[in-house]
Amino acid sequence: MTETARSTKEWIGKTPDTRPPPHVRLRIFERYKGKCHWSGITIRPGDHWDVDHVIALINGGENREGNMAPILRGKPHKEKTAQDVAEKSRVYRKRAAHLGLTKPRQKIKSRGFEKVPEQRRASSPIEKWRGF
């Protein structure tokens, strides 16, 4: 009789705010071999890290184990969040424009520039006071 490894079901959060339990955090950490998925830095004992959604929830990602990865707190997490928000903003603007929900920008009318005197041509005679 051969024994097969028991396969574990993927954890799926009941709500978008549900945090993964500690045993799921450990599986996520081991799947990425203890490296921050954003910066690639190895997470050492004592480092503070979070579980981050690879595809952010605001951009259509799901709250499930397959969409999560470890990320160091501080600068890497802030950079990732800023990128996610910027992507959401870009997508929203494009979608709103495609659906016709935004008005096209109107060109700002200025008073224009002053008229410049006609330029001299090389073939016309130069009238210059010589001081005699």
Completion exercise
Only one of Gly34, Gly60, Gly46 is within 24 Å of the chain's Cα centre (by Cα), loosely packed, with under 12 Cβ neighbours inside 10 Å and at pLDDT 90 or above, namely Gly60
Problem - Residue check, Gly40 surrounded by 11 or more Cβ atoms within 10 Å (Cβ to Cβ) and among the small types (Gly, Ala, Ser) - result: no
Practice task
Tell me, yes or no, whether region 34-56 has at least one residue that is outside any loop (DSSP other than H, G, I, E, B) and either within 30 Å of Thr102 (Cβ to Cβ) or in contact (Cβ under 8 Å) with a residue 60 or more places away in the chain (or both).
Solution key: yes
Practice task
Among the candidates Leu72, Leu26, single out the residue that is surrounded by fewer than 15 Cβ atoms within 10 Å (Cβ to Cβ) and among the aliphatic types (A, V, I, L, M).
Solution key: Leu26
Completion exercise
Exception for Pro20 within (1) modelled with pLDDT of 90 or more; (2) loosely packed, with under 12 Cβ neighbours inside 10 Å falls at (2)
Practice task
Tell me, yes or no, whether region 89-97 has at least one residue that is at pLDDT 90 or above, surrounded by 13 or more Cβ atoms within 10 Å (Cβ to Cβ) and farther than 30 Å from Lys9 by Cα.
Solution key: yes
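The values are calculated or read from the model by the stated rules, or taken from the named source; none is laboratory data. None of the values given here were measured: they were computed from a predicted structure. Methodologically, a virtual Cβ is constructed for each residue, glycine included, from the backbone with ideal geometry; neighbour enumeration extends over all protein chains shown.
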